[in-house]
Amino acid sequence: MDADIAANPLREGLRLERTPQPGVMVIFGASGDLTRRKLMPAVYNLSRERLIPPGFSVVGFARSETDETHFRESMLDAINQFSRNRPAQPAIWETFAEGLRYIQSAYDDPTGYRTLANLLGQLDRERGTGGNRVFYLATPPSAYSEIVEQLGKSGLARPTNADAWTRIIIEKPFGRDLESALELNRQLASVFQENQIYRIDHYLGKETVQNILVFRFANGIFEPLWNRRYVDHIQITVAESIGLEGRGRYYDATGALRDMVQNHLLQLLSLVAMEPPIAFDADAVRGEKVKVLHAVRPYQPPEIPSLTVRGQYGPGTVGAEDVPGYREEPDVDPGSKTETYVAMKLFVDNWRWADTPFYVRTGKRLPRRVSEIAIQFKRAPHLLFRQAAEGLEPNVLVLRIQPNEGISLRAGVKVPGPTIQIRSINLDFLYGLSFGADQPEAYERLLLDCMLGDSTLFTRGDEVETAWRLLTPILEAWAANPPPDFPNYGAGTWGPAAADALLEDDGRRWRRL
Ligand code: BG6
């Protein structure tokens, strides 16, 4: 990797080091899927790249009966399976594993928290972790409240000394609706200060998502065009080809609106639509993002059926594989009304965006995994080349979040030859080509930011609440009117026909991806 950096001047600075102080990360829910797939590989990679100091330690806290040896073995196995650098390098793993501990306890058992407090003190003495702690809530959300309460009662939520920090990261979903999110915020606030609280949305840690702000605000040429005068509409797509991946119980109680729209899609929308912040810091950036959510036109119950579409997949074929319908998935109610697809039309009622539609869609078991934001510009006001321009499409700027991370601008050019003929082509930027394929995972960046005390890429309390305020009327309207036609799209198709109609009624269509 170092050799690549030397060879490619664009990669200089990629390893700019920001090292936090030594500390301990306590993962509640350490025997779960998130810890295996994301958290442990992320901490391992941070340690491998020496972005966290050697004394940094991780304590797994969970209900599962296991001992430290087995916990370490299972974390090694997770890294070998899911880390972007795999398998683990023995020398690095050995050092990393010395800082791995496990506590088996119920989340509501004060004894477990006393054991934890003792262990943290011991790690401070033995590994120089200085009283710094991150508590990571990676359990099912039903356990959050209990853990926060116990952290408060046991005194673990308070910083251990004047120089030490104590922070808490809360995984999504943050609540199930406005009321539960308010309650969770209230409870957190009774134990932690807002600047100790890090509500995570891993989309904000993706390089391509961070780049939305850089691309918009580090270049002079896009902002003048970034408004209702030049933009016809914006499409945000987060399509997944996977199904439930063993998460049937969680998903069936959640659905796509809560699982994806409330967080990832509204975050993307906020970043695309926000005004330039006065600084790149937590207050300024998040302040502008919240303003966008406040400006989104609230959904009035009678218009919900015409502005939103929900879907659920039936059996079908994805890639070359036959896959079951949603209702046949493990742990899903065979009569389930849970949506696996959502499309919606939104308006941001402010000077920049008045009357410019934002169409967003997300779904599981779509034909392929692709996430992008497409800014579709208005046509040229006067077409000189009317006859020649049959193949000419309006300009579209596409921010490709994943895969094939990059940016492309669709523009018309002359086809070489003696007559004027015009075709649309892509001006393309590809991350892989410019910077190499080995980008850090979103969780690496976000864990590091939390350890450094930078909450810019985390969601503020009022931001989550505003997002829920917007979506709760939809949840209520959907619950009151169960869908008559589920399943209404086949696995491996681009979603229900009603989603196409949502744009066709406006004389537009979804981009073919
Ligand atoms: C999670 C959702 O937040 O994001 C999952 O709970 C979804 O259902 C996942 O599959 C998608 O993340 P990514 O990074 O693969 O796009």
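The values are calculated or read from the model by the stated rules, or taken from the named source; none is laboratory data. Note that the structure is a prediction, hence the values are computed from the model and not measured. Glycine gets a Cβ as well: all are built from the backbone with ideal geometry, and neighbour counts include every protein chain shown. Side chains are part of the model used for accessible areas, which takes the heavy atoms of the whole protein and leaves out ligands, DNA and RNA. Shrake-Rupley method; radii C 1.70, N 1.55, O 1.52, S 1.80 Å.
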By residue number, the members of region 152-176 that are open to solvent by 50 Å² or more (accessible area, probe 1.4 Å) and closer than 26 Å to residue 442 by Cα are 176
Considering only region 425-449, state which residues are part of a helix (DSSP H, G or I), out of contact with any strand residue (DSSP E or B) (no Cβ under 7 Å at 6 or more places or on another chain) and not small (Gly, Ala, Ser).
433, 435, 443, 444, 445, 446, 447, 448, 449
Candidates 255, 243 - the one that is touching an Asp or Glu at 6+ places or on another chain (Cβ under 7 Å) and at positive phi
255
Residues in region 218-234 that are in contact with a Pro (Cβ under 9 Å, 6 or more places away or on another chain) and open to solvent by less than 70 Å² (accessible area, probe 1.4 Å): how many?
4
May I ask you to list the residues in region 340-356 that are over 19 Å from the mean Cα position of the chain (by Cα) and within 30 Å of residue 242 (Cβ to Cβ)?
345, 346
Hey, among 203, 144, which residue is at pLDDT 95 or above, open to solvent by 10 Å² or more (accessible area, probe 1.4 Å) and under 25 Å from residue 42 (Cα atoms)?
203
Condition first: more than 26 Å from residue 111 (Cβ to Cβ) and surrounded by fewer than 23 Cβ atoms within 10 Å (Cβ to Cβ). Now tell me which residues in region 53-72 satisfy that.
53, 54, 55
So, in region 399-421, exactly how many residues are open to solvent by 60 Å² or more (accessible area, probe 1.4 Å), within 16 Å of the ligand (Cβ to nearest atom) and of a type outside the set (Asp, Glu)?
1
Hey, among the residues in region 350-375 that are in contact with an Asp or Glu (Cβ under 9 Å, 6 or more places away or on another chain) and small (Gly, Ala, Ser), which one's surrounded by the most Cβ atoms within 10 Å (Cβ to Cβ)?
363
